[in-house]
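Reviewing the structure listed below.
Just so it is clear, none of the values below were taken in a lab; they were calculated from the coordinates. This structure is a prediction, so every number in the text was calculated from the model and none was measured. With ideal geometry, Cβ positions are generated from the backbone for all residues, glycine too; neighbour counts draw on all protein chains shown.
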């Protein structure tokens with residue numbers, strides 16, 4: 001018996017919920033469930049704190065590479081961080097665009113850089129900040 005082609009009349013596309021466990025990063029445990037923007041915010045945070053290529057459990061497209069930027073000139077780091085964040089977050093199909101990057105120097109014991117940006121998602125736009 002051969003399959004019949006071109007007999008697709010009605011295709012219903014349904015949105016699968018983006019529910020995920022709420023992770024308490026301070027206590028290293030899961031507690032409760034998130035959905036939509038909160039789930040996406042947590043996903044972005046997890047992507048940005050995961051070193052790419054380090055963990056076998058993750059696909060090679062998951063995570064971000066930043067260790068090689070340590071000690072580099074700030075103007076170069078800012079351009080590269082923006083590019084790498086966009087690249088790292090491009091794997092999530094809920095994210096439509098990442099834009100409006102702002103950088104702030106944080107002078108603490110590590111002399112870090114804080115980056116703020118806007119995420120345009122299927123749930124709406126929201127701001128996100130991350131200390132590099």
Got a number for residues in the stretch 40-66 being closer than 28 Å to residue 105 by Cα and either touching a strand residue (DSSP E or B) at 6+ places or on another chain (Cβ under 7 Å) or surrounded by 14 or more Cβ atoms within 10 Å (Cβ to Cβ) (or both)? 16
Could you tell me whether any residue of the stretch 75-93 is on the phi > 0 side of the Ramachandran plot, out of contact with any strand residue (DSSP E or B) (no Cβ under 6 Å at 6 or more places or on another chain) and surrounded by fewer than 16 Cβ atoms within 10 Å (Cβ to Cβ)? no
